[in-house]
Amino acid sequence: MEYKENESEADIETPDNTEHPKDVEISDREENSNDSNGSNVPDPSENIRPAMLTVLCILSFLGSGSCLFSTFVTASFFDMLRDTVLYNDIYASIPALKESAEMILDLGRPFFWISALCYAFSLIGAILMWHAYRWGFHIYTIAQCLLIIASMAFSPGMGVPWGSVFWSGAFVALYASYWSFFKKNINLKQLK
């Protein structure tokens, strides 16, 4: 390590005084940032994604991605699905199955297009939060709220979808707990 010539003996690192002097170069600190086991100790100034945030993002990728796929396919092949349900004897022989399928068909094609769009924005929000951008949190939260509103608007007799409210609220609350970790600005070059 290099020290200034005019430093006092109290500033020099000794076995009794383990603090670094004020003017030690950053590269010297990085070389000495190993703990007693020899593994690297992360620098606190680095932005390392917390493990729980990683888990939340992966769960959001899986959930939003699979729902995006299913609602997009349902909206795209809605007429074929309707014909299958209405004219297939299997659905007629099982009343509960036919009733569930008819309830889904009563939602109509626009519901599935709107849901697919909301899930796409939810997925975009999760990707942005993966990269630690605050806008991702806003996009994700708005998409989740719109999904709940769409469910209530297209099926008014069903009431409030409490399961969706609970899980969406839980994910939004958990994401909000990492608010200080998220960056304010989006740099599109870093999203590669």
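The values are calculated or read from the model by the stated rules, or taken from the named source; none is laboratory data. What you are looking at is a predicted structure, and each value in this text was computed from that prediction instead of being measured. Backbone-built Cβ (ideal geometry, glycine too); neighbour counts: all protein chains shown.
Scanning segment 115-137 for residues that are within 18 Å of Met152 (Cβ to Cβ) and buried (at least 22 other Cβ atoms within 10 Å of the Cβ) yields Ser115, Cys118, Tyr119, Ser122. Going through (1) farther than 30 Å from Leu147 by Cβ; (2) in contact with an Asp or Glu (Cβ under 8 Å, 6 or more places away or on another chain); (3) modelled with pLDDT of 50 or more one by one, Val85 falls short only on (1).
In the list Glu19, Glu9, Glu13, Glu5, which residue meets the criterion of being touching a His at 6+ places or on another chain (Cβ under 9 Å), at pLDDT below 60 and assigned to a loop (DSSP other than H, G, I, E, B)?
Glu13
May I ask you to list the residues in segment 51-97 that are within 17 Å of Phe112 (Cβ to Cβ) and polar (S, T, N, Q)? Matches in segment 51-97: Ser64, Ser66, Ser70, Thr71, Thr74, Ser76, Thr84.
Screening Ala150 against (1) over 16 Å from Cys67 (Cα atoms); (2) among the hydrophobic types (A, V, I, L, M, F, W, C); (3) modelled with pLDDT of 95 or more leaves a single unmet condition, (1). Checking Phe69, Phe112 one by one, the residue that is modelled with pLDDT of 95 or more, out of contact with any Gly (no Cβ under 8 Å at 6 or more places or on another chain), more than 27 Å from Pro50 (Cβ to Cβ) and surrounded by fewer than 13 Cβ atoms within 10 Å (Cβ to Cβ) is Phe69 and no other. Scanning segment 150-159 for residues that are assigned to a helix (DSSP H, G or I) and surrounded by 13 or more Cβ atoms within 10 Å (Cβ to Cβ) returns Ala150, Ser151, Met152, Phe154. Taking the criterion of being part of a loop (DSSP other than H, G, I, E, B) and surrounded by fewer than 12 Cβ atoms within 10 Å (Cβ to Cβ), no residue of segment 80-93 qualifies. Once segment 160-192 is narrowed to residues that are loosely packed, with under 11 Cβ neighbours inside 10 Å and either among the acidic types (Asp, Glu) or not in a helix (DSSP H, G or I) (or both), the residue that is modelled with the highest pLDDT is Val160.
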